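Engineer: Shown below is the structure under consideration.
The values are calculated or read from the model by the stated rules, or taken from the named source; none is laboratory data. These numbers were taken from a predicted model, which means no experiment stands behind them. FYI the Cβ positions are ideal-geometry reconstructions off the backbone, even for glycines, and counts take in every protein chain you see. When the accessible area is computed, the model is the full protein with side chains, heavy atoms only, and any ligands, DNA or RNA have been set aside. Shrake-Rupley method; radii C 1.70, N 1.55, O 1.52, S 1.80 Å.
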Amino acid sequence: MSTHTGLFAPLQLERGLGLSNRLAVAPMTRVSATADGRATAQMADYYAAYAAGGFGLVITEGIYTDKAHAQGYLFQPGLADDAQRDAWRTVVDRVHAHGGRIIAQLMHAGALSQGNPHRATTQGPSAVLPKGQQMTFYRGTGPYRMPEAMSEEDISVAVAGFAQAARRAQEAGFDGVEIHGANGYLLDQFLTTYTNARNDRYGGSLDNRLRLTLDVIQAVRASTARHFVVGVRSSQGKVNDFTHKWEGGEADAAQIYRALGAQPIDYLHTTEFEAWRPAFGAQGPSLAALARRHVRVPVLANGSLHDPIQAGGMISRKEADFVSLGRGALTHADWPARLRAGQALEAFDRGLLAPIADLANAARHRGKLQFA
């Protein structure tokens, strides 16, 4: 227990949001909303179970932000209208009833959209065909579609969608929002050289490629109250390009994180396949450690941290201030309580995500309601 006692220390985020421990549920796509993007009773059970199981913070799956090109997956939840906002209130209330905090992750899929009933086309920074194939466990088939290059008017629509979704999240009672700038989705597409061939103020230099993320942060901050938490998620790898690394290595990381750290954000969420590994090459600091060097706000680390020794090590070595779990949380909604009680932690069962990574499949796979 002594190797990971730091995981149970309280943490105070900016703007007065207190967390009971350093353990968060990572955002995980569950494609279990209604067809029109409303959260369901089963989703309320799912998220409430994490708070009941001892996680201090729950971060939702990616929530689409507008009814233009933001939606990435069929049955993805949204915050693009007031009915979707109202449906989230039950989820939020259930998490709060167990003493947890809950943050809505706001996501625009961009060129990686594979299920959007609002538009027949996709958009991205440039007309560049995405790598890889659509994800079958999110109901996709075949290659991605060629996206349309976004005009500056299209960019303005996307920025406004983030701001309006953040306002609705606040109205629904969420404790904050996390801007999804990672994993190959729209903001990351603008940052990445091979998906961004623009020659305007959103393309070319690293500062220009990061501009959209900064615009979104500013718009979200302006649309919400001063006490409302705003975080940002950052990664190198993508859902369709797992091994991608920033071309400039540590120099790029320093420039990116200094720019993000100068913004009015309250935490930074880094994700890698294994959070503790060097970000570049065989040696050197992890991505979380690099972020922590250059931002003034707490850093949340994600990536194979279902191993308590690795999770605790990130905290004890001061590479991160708190950690988020994906596979570990899916395996045990009460992972923190089990760890504290010295109970066994089982290995992740991939059958929970196959053939479809939704809550109904997980319930069938386990032969019972997963999070009742």
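Engineer: Considering only residues that are touching a strand residue (DSSP E or B) at 6+ places or on another chain (Cβ under 7 Å) and within 17 Å of Val25 (Cα to Cα), which ones fall in the range 55-95?
Structural biologist: Phe55, Gly56, Leu57, Val58, Ile59, Thr60, Glu61, Gly62, Ile63, Val92, Val95
Engineer: Which of the residues belonging to the range 81-98 are touching a residue at least 60 places away in the same chain (Cβ under 8 Å) and open to solvent by less than 20 Å² (accessible area, probe 1.4 Å)?
Structural biologist: The answer is Gln84, Trp88, Val92.
Engineer: Next question. Just the residues that are open to solvent by 30 Å² or more (accessible area, probe 1.4 Å) and over 18 Å from Pro336 (Cα atoms), please, taken from the range 35-54.
Structural biologist: If the condition is that a residue be open to solvent by 30 Å² or more (accessible area, probe 1.4 Å) and over 18 Å from Pro336 (Cα atoms), then Ala35, Asp36, Arg38, Thr40, Ala41, Gln42 are the ones that fit.
Engineer: What are the residues in the range 279-288 that are open to solvent by less than 20 Å² (accessible area, probe 1.4 Å) and among the hydrophobic types (A, V, I, L, M, F, W, C), if any?
Structural biologist: Residues satisfying the conditions are Ala279, Leu287, Ala288.
Engineer: Continuing with this model, one more query. Output the residue which, of all residues in the range 254-278 that are more than 24 Å from Thr224 (Cα to Cα) and more than 19 Å from the chain's Cα centre (by Cα), is most open to solvent (accessible area, probe 1.4 Å).
Structural biologist: So, considering only residues that are more than 24 Å from Thr224 (Cα to Cα) and more than 19 Å from the chain's Cα centre (by Cα), the one most open to solvent (accessible area, probe 1.4 Å) is Arg277.
Engineer: While we're looking at this one, here's another question. Consider Phe348 carefully, then state whether it is open to solvent by 20 Å² or more (accessible area, probe 1.4 Å) and in contact (Cβ under 8 Å) with a residue 12 or more places away in the chain. Spell out the reasoning first.
Structural biologist: On the way: open to solvent by 20 Å² or more (accessible area, probe 1.4 Å): yes; in contact (Cβ under 8 Å) with a residue 12 or more places away in the chain: yes.
Yes.
Engineer: Hey, another quick one. Could you tell me which residue of the range 95-122 is farthest from the chain's Cα centre (by Cα), considering only residues that are among the β-branched types (Val, Ile, Thr) and assigned to a loop (DSSP other than H, G, I, E, B)?
Structural biologist: Looking at the filtered set, the residue picked out is Thr121.
Engineer: From Gly328, Gly312, which residue is outside any loop (DSSP other than H, G, I, E, B), touching a Gly at 6+ places or on another chain (Cβ under 7 Å) and open to solvent by less than 50 Å² (accessible area, probe 1.4 Å)?
Structural biologist: Sole residue among the options that is outside any loop (DSSP other than H, G, I, E, B), touching a Gly at 6+ places or on another chain (Cβ under 7 Å) and open to solvent by less than 50 Å² (accessible area, probe 1.4 Å): Gly312.
Engineer: What's the number of the only condition in (1) under 27 Å from Gly303 (Cβ atoms); (2) modelled with pLDDT of 95 or more; (3) among the polar types (S, T, N, Q) that Thr3 fails to meet?
Structural biologist: Condition (2) is where Thr3 drops out.
Engineer: Continuing with this model, one more query. Suppose we filter the range 141-158 for residues that are in contact (Cβ under 8 Å) with a residue 40 or more places away in the chain and either closer than 26 Å to Asn302 by Cα or not in a helix (DSSP H, G or I) (or both); how many remain? Even if it seems obvious, please write down each step before you answer.
Structural biologist: Quick first cut of the range 141-158, residues in contact (Cβ under 8 Å) with a residue 40 or more places away in the chain only: 144, 149, 152, 154-155, 157-158.
Going one step further and asking which of them are either closer than 26 Å to Asn302 by Cα or not in a helix (DSSP H, G or I) (or both), we end up with 144, 149.
Residues meeting the conditions: 2.
Engineer: Could I ask something else about it? Please find, among Phe174, Phe190, the residue that is part of a loop (DSSP other than H, G, I, E, B) and under 19 Å from the mean Cα position of the chain (by Cα).
Structural biologist: Within the list Phe174, Phe190, the selection yields Phe174.
Yes/no per residue for (1) more than 17 Å from Ala360 (Cα to Cα); (2) touching a helix residue (DSSP H, G or I) at 6+ places or on another chain (Cβ under 8 Å):
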position: Leu11; (1), (2): yes, no
position: Ser32; (1), (2): no, yes
position: Ala41; (1), (2): no, yes
position: Ala52; (1), (2): yes, no
position: Val58; (1), (2): yes, yes
position: Gln84; (1), (2): yes, yes
position: Ala111; (1), (2): yes, yes
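Engineer: Search the range 199-220 for residues that are free of Cβ contacts under 8 Å to residues at least 12 places away in the same chain and pair each with any residue that is assigned to a helix (DSSP H, G or I) and surrounded by 14 or more Cβ atoms within 10 Å (Cβ to Cβ) when their beta-carbon atoms are under 7 Å apart and the residues are at least 6 apart or on different chains.
Structural biologist: From the range 199-220, the pairs are Arg201/Asn208; Arg201/Arg211.
Engineer: Go over the candidates Ala80, Ala51, Ala35, Ala70 one by one and state the one that is small (Gly, Ala, Ser), at pLDDT 95 or above and not in a loop (DSSP other than H, G, I, E, B).
Structural biologist: Ala51
Engineer: Also, quick follow-up: For the range 234-253, indicate whether the set of residues that are on the phi > 0 side of the Ramachandran plot, small (Gly, Ala, Ser), buried (at least 23 other Cβ atoms within 10 Å of the Cβ) and touching a strand residue (DSSP E or B) at 6+ places or on another chain (Cβ under 9 Å) is non-empty.
Structural biologist: no
Engineer: While we're looking at this one, here's another question. Which residues, taken from the range 189-215, are over 19 Å from Leu129 (Cα atoms) and of a type in the set (A, V, I, L, M)?
Structural biologist: Leu206, Leu210, Leu212, Leu214
Engineer: Looking only at the range 207-218, which residues are among the hydrophobic types (A, V, I, L, M, F, W, C) and either out of contact with any helix residue (DSSP H, G or I) (no Cβ under 7 Å at 6 or more places or on another chain) or open to solvent by 50 Å² or more (accessible area, probe 1.4 Å) (or both)?
Structural biologist: Ile217
Engineer: Determine, yes or no, whether Arg221 is surrounded by 17 or more Cβ atoms within 10 Å (Cβ to Cβ), in a strand (DSSP E or B) and either among the basic types (Lys, Arg) or at pLDDT 95 or above (or both). It would help to see each step written out before you state the result.
Structural biologist: Details: surrounded by 17 or more Cβ atoms within 10 Å (Cβ to Cβ): yes; in a strand (DSSP E or B): no; either among the basic types (Lys, Arg) or at pLDDT 95 or above (or both): yes.
In short, no.
Engineer: Still on this structure: Scan the range 195-206 and give yes if some residue there is among the acidic types (Asp, Glu), in a loop (DSSP other than H, G, I, E, B) and open to solvent by 10 Å² or more (accessible area, probe 1.4 Å), otherwise no. First the steps, then the outcome.
Structural biologist: So the first thing to find is which residues in the range 195-206 are among the acidic types (Asp, Glu), and the list is 200.
With in a loop (DSSP other than H, G, I, E, B) added as a condition, the list becomes 200.
From what is left, the residues that are open to solvent by 10 Å² or more (accessible area, probe 1.4 Å) are 200.
Yes: the range 195-206 contains one or more residues that are among the acidic types (Asp, Glu), in a loop (DSSP other than H, G, I, E, B) and open to solvent by 10 Å² or more (accessible area, probe 1.4 Å).
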